[in-house]
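In what follows, a structure is listed as C-alpha cells, so that the remarks can point back to it.
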Amino acid sequence: MDNLDGGVDVNLFDAISKRACKIGVIGLGHVGTTVAGVFANQGFTVLGCDLIRSVVKSINSRNLKLLEPKLAEIINNTVKSGKLWATTDAIDVAKSSDVIIICVQTPVDKQDRADLSFLRCACEVVGHTLVNGKLVIIESSVPPGTTMKMSAILESVSGLTCGKEFWLSYCPERLSPGNSFRDFINNDKIIGGLDPQSTQLASHLFRQVVKGKIFLTDSLTAEIMKLAENTFRDVNIAFANELALICEHYGADVQEVIKLANTHPRVRIHHPGCVGGPCLPKDPYLLLSQIGPNNFKSNIVVDARRLNDYMPNHITKLTINALREAGKSVENSKIVIFGTAYKGEVKEARNSPAGKVIHKLMSLRGKVVVYDPYCNESFGARKAGDLMEAARGADCILILTDHKEFSKLELPRIKALMKENPILVDGRRIINPVEAKSQGFIYVAIGYGADLKQ
C-alpha cells in the first residue's frame, strides 16, 4: 500500500516519509498524550492542544506525572528536544499542522445519548484553518456514521472537498491505561478512510510508528469495529456477573467455575465485577445510538449494560448483609473503601463503581473512609493518608479497585487494627478466601456462595 495511488497528495506523502510534516493533536487526555508522545518520539514535530491549562503547563514544564513511567519520560524528553509543545490555542495548532489528529472526549449524557459537542467544535476549528493537502484523523470513539457527518462540517466551514482537497480518516485508539505507549506501538491498527486516498495517507502515517499489522477498511466499518470491541467485553463481563449471582445462589465459587470452564479450548469467560472507566460503560450506547425506536430492539447489549450497572448495588447489598450478620449496622460502622479509581494501577475515577457504593453507604449514614494510592477522588467520603490509617478502627473493608497493593494486604496486621468481627468484602476477587477466613475475617465476595462462607 505504500505505492502511490492516483489522487494522493505526493507532497504530504513524502513529508510523512521524511518526518518533515507537522502533526497537531487536539485533546491531550490519555489518548491524545500518547499519540503526541509516540509521534514526537519518532522524530515528528508535534503541536498539542488542550483547553485545560494545567495539562498544557504540566507538559511544557516537563512535569507530567503519569502512572506510566515510559510515556512520561518520552513526553518530557521530546518537550526538552523541541519536538513537542502544548498550547491552549486550537486554531494555531490546526493552522500550523499538516496532519491534525483529533482525540477529544465523546461522552454520553444522562439519557445515554452521544454528546459529540467536543468533536463538532474541534472539527469547526480545523475547518476554519483547512487548506489544500491536509490530512485529518479522528481517533475518538464515535457512533456509526459520525466521520461522514464530520466531513460535512469540515467541507462546509472550509469550502474544500473531502477526498480531493483534504483527506479524512477514522483511526480508533486501542489503548489500555498503564500500557498505552506499548499498546500504540505494538497493537494492530485499523484505518478507516472516507475514500481510498484518505485511507492510504493515514495508513502511510501510522506505518511510520506502528509495529503491529495495519488493516484497511472504510470509516463506517472502523467505527462499528471499535464499539464492537468494547461492547463484546461488556457483554462477556455481564455474563460473568450473572454467573456470579447464580453461584451465590447455589453456594459455589464463581472463580473456580470460570477457571474450569476456561480450560475448554473454545471458552473464554471474563472475570465478574463492576465495570467503570471512560469506555466500557459508554461504547455500547454509542453502538446503538443511531438505531431508532422503529428498528430492531437490542436485548443482549442493553440487558448486559443494565446488569453491569447493577453490580455496584449488589456489592453494597453484600456489605450491608455482612454487617447485619456480624451484629452491626451501617449507621454505626466505619466502612473503609480500598480504591476509588475505576480499575487497578490507574488514577482516573471516571464512571468508577466506587462512586455509587460510597454514595449509597453514606446515605445510610455509614462512616465511610477511602484510601487509594493513586486516585485523589473520594466521592465525598473522608480520605485516609495511608492503608493502615484507613484500617484502624474499621468494622468493614470493601475492596473496589484491583490495585496491586490491595492484592498483597498484610491480613494479620490489618485485622489487629480493626474492631471485633472484622468484615472483608472483596469486590475484585483478589484476596484468597481461605486465607482471609483463617485470619478471622468474615469474607464476602461477588460470586462467592453463601454455603462457602460458613
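Suppose R0 equals 45 Å; then what is the FRET efficiency for Ser156 and Ser407 from their Cβ-Cβ distance, rounded to the nearest 0.05? So, using R0 = 45 Å, E works out to roughly 0.25. Using a simple spin-label model with points 7 Å from Cα along the Cα→Cβ vector, what separation in nm is obtained for Val267 and Lys213? In this crude label model, Val267 to Lys213 measures out at 2.9 nm. Close amide H pairs (under 5 Å, H built 1.01 Å from N) link Val108 with Asp115, residues at least 5 positions away or on another chain. Close amide H partners of Thr45, meaning residues 5 or more places away or on another chain with modelled amide H under 5 Å apart, are Ile23. Amide hydrogen proximity for Asp253: with H placed 1.01 Å from N in the peptide plane, the residues at 5 or more positions away or on another chain lying under 5 Å are Gly449.
Determine, for Thr263, Thr78, the number of other Cβ atoms within 10 Å of each Cβ, and report the residues in order from fewest to most.
Ascending number of Cβ neighbours within 10 Å: Thr263, Thr78.
The alpha-carbon of Lys83 sits under 21 angstrom from the alpha-carbons of these lysines, leaving out residues fewer than 8 places away in its chain: Lys18, Lys22, Lys57, Lys65, Lys70, Lys95, Lys134.
Each Cα pair under 8 Å and six or more residues apart adds its sequence gap; the mean of these over the residue count of the range 1-144 is a relative contact order of 26 percent. Backbone phi angles across the range 416-431, fed through the Karplus curve with coefficients 6.51, -1.76 and 1.60 (θ = phi - 60°), yield HN-Hα couplings of 4, 8, 8, 6, 4, 6, x, 10, 10, 9, 9, x, 10, 6, 10, 10 Hz in residue order; Gly and Pro are listed as x.
Rounded to the nearest 10 degrees, the inclination of helix 146-158 to the longest alpha-carbon principal axis of the chain is 40 degrees. For the chain, relative contact order (Cα pairs under 8 Å, six or more residues apart, normalised by length) works out to 12 percent. Couplings 3J(HN,Hα) for the range 234-239, derived from phi with the Karplus relation 6.51 cos²θ - 1.76 cosθ + 1.60 (θ = phi - 60°), are 5, 5, 5, 5, 4, 4 Hz, where x marks Gly and Pro.
Taking every DSSP beta bridge with both residues inside the chain, roughly what % is antiparallel (nearest 5)? Please report the intermediate quantities before stating the final value.
Details: 4 of 51 bridges.
Approximately 10 percent, going by the DSSP bridge assignments.
Computed from point charges on the beta carbon alone (+1 for Lys and Arg, -1 for Asp and Glu), the dipole magnitude for the range 10-212 about its Cα centre is near 580 Debye. Sorted fewest first by neighbouring Cβ atoms within 10 angstrom, Tyr443, Tyr371 come out as Tyr443, Tyr371.
The mean sequence distance of close C-alpha pairs (under 8 Å, at least 6 residues apart), as a share of the length of the range 275-367, puts its relative contact order at 38 percent. Between the entries [x] 75, 51, 39; [y] 75, 61, 44; [z] 62, 53, 51, the label attached to Cα extents along the principal axes in Å calculated for this structure is [x]. Along the axis of the charge dipole computed for the chain (Cβ charges of +1 for Lys and Arg, -1 for Asp and Glu, origin at the Cα centre), the listed residues Ile100, Thr146, Asn230 are led at the positive end by Asn230. Over the residues of the chain, the helix contribution to mean residue ellipticity at 222 nm works out to -13000 deg cm²/dmol, using -39500 (n - 2.57) for each DSSP H run of at least 4.
Basic side chains Lys and Arg get +1 at the Cβ, acidic Asp and Glu get -1 at the Cβ, and with that the dipole of the range 328-454 about its Cα centre reaches some 240 debye.
Values in this text are rule-based calculations from the coordinates and carry no lab data. None of these values were measured; they are calculated from a predicted model. So basically every Cβ, Gly included, is an ideal-geometry build from the backbone, and we count neighbours across all protein chains shown.
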